[in-house]
Amino acid sequence: TLQQLRQLKLSGMADALTRQLEQTGTYDNLPVIERVQLLLDEENLTRTNRKQDRFIRQAYFKLTASVQNIGYLHPRNITQSQIARLAQADWIKKGENLLITGPCGIGKTYLACAIGHNACLHGITVRYYRLSRLLLMLTQAKADGSYHKQLKLLARLELLIIDDWGLEPLKPAHRSDLLEILDDRHGAAAKMVISQLPTEQ
């Protein structure tokens, strides 16, 4: 039975059944339906954890960060209630946008990665890019013929994080690329932009 479960890629159920067989005193007197439910619960949890891990890997975050580890001692004009609201991820599901600005070294990237990581735990697809790397990727995609494919992949992401916005002037081709990305996502998918520029700029 264990071998068949693993062949069917039900590793969570196989691990749970192994525990049940090892701890006979705990499970022997349970009704069959309860034991089966425990196996299904473990399989569901295993699949959820695997999905979250995959989303986190595919997001390519610059930093390992979590909303639980965000510090509030330094004056950075953020509050726990703001982070708690952002952590609910409703704004992402509604396709809204988030702009994080502030001087160099204040922790903007950590904050963005923490919010993005939290979104992955909610089952939301996320991708983190530094603007220069995103533009380089699109330039290379034009050269190898995969430009439209890359635009489609970017459009399908539920949250696109762009860091280091506005560090240097954009070339006309880069402005056009960004317009394509932003137009595809307008009103449909969330964006997070991190910049050192004040909002009035």
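The values are calculated or read from the model by the stated rules, or taken from the named source; none is laboratory data. No experiment lies behind these values; they were computed from the predicted model shown. A quick note on method: Cβ atoms are made from the backbone with ideal geometry, for glycine too, and the neighbour counts reach across all protein chains shown. Heavy atoms of the whole protein, side chains included, go into the accessibility calculation; ligands, DNA and RNA do not. Shrake-Rupley method; radii C 1.70, N 1.55, O 1.52, S 1.80 Å.
Overview of values
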{"item": "Residue match in segment 52-65 (condition: among the small types (G, A, S), in a helix (DSSP H, G or I) and open to solvent by less than 50 Å² (accessible area, probe 1.4 Å))", "result": "yes"}
{"item": "Boolean, T101 is without any contact (Cβ under 8 Å) to a residue 24 or more places away in the chain, open to solvent by 30 Å² or more (accessible area, probe 1.4 Å) and of a type in the set (V, I, T)", "result": "no"}
{"item": "Unmet requirement for T48, which otherwise passes all of (1) farther than 30 Å from L197 by Cα; (2) open to solvent by 80 Å² or more (accessible area, probe 1.4 Å); (3) out of contact with any helix residue (DSSP H, G or I) (no Cβ under 7 Å at 6 or more places or on another chain)", "result": "(2)"}
{"item": "Answer residue from segment 124-140, given it is part of a helix (DSSP H, G or I) and in contact with a strand residue (DSSP E or B) (Cβ under 8 Å, 6 or more places away or on another chain) and is most open to solvent (accessible area, probe 1.4 Å) among those", "result": "S132"}
{"item": "Those residues of segment 157-176 which are small (G, A, S) and assigned to a loop (DSSP other than H, G, I, E, B), in sequence order", "result": "G166"}
{"item": "Any hit, segment 157-170, residues being over 23 Å from I106 (Cβ atoms), of a type in the set (A, V, I, L, M) and either in contact with a Cys (Cβ under 9 Å, 6 or more places away or on another chain) or loosely packed, with under 12 Cβ neighbours inside 10 Å (or both)", "result": "no"}
{"item": "Residue list for segment 177-196, filter: in a loop (DSSP other than H, G, I, E, B), in contact with a strand residue (DSSP E or B) (Cβ under 9 Å, 6 or more places away or on another chain) and open to solvent by 50 Å² or more (accessible area, probe 1.4 Å)", "result": "Q196"}
{"item": "Residue list for segment 1-45, filter: modelled with pLDDT of 90 or more, among the small types (G, A, S) and either outside any helix (DSSP H, G or I) or exposed (fewer than 12 other Cβ atoms within 10 Å of the Cβ) (or both)", "result": "none"}
{"item": "Test: residue in segment 109-123 that is surrounded by 13 or more Cβ atoms within 10 Å (Cβ to Cβ), in contact (Cβ under 8 Å) with a residue 24 or more places away in the chain, in contact with a Lys or Arg (Cβ under 8 Å, 6 or more places away or on another chain) and within 24 Å of V193 (Cβ to Cβ)", "result": "yes"}
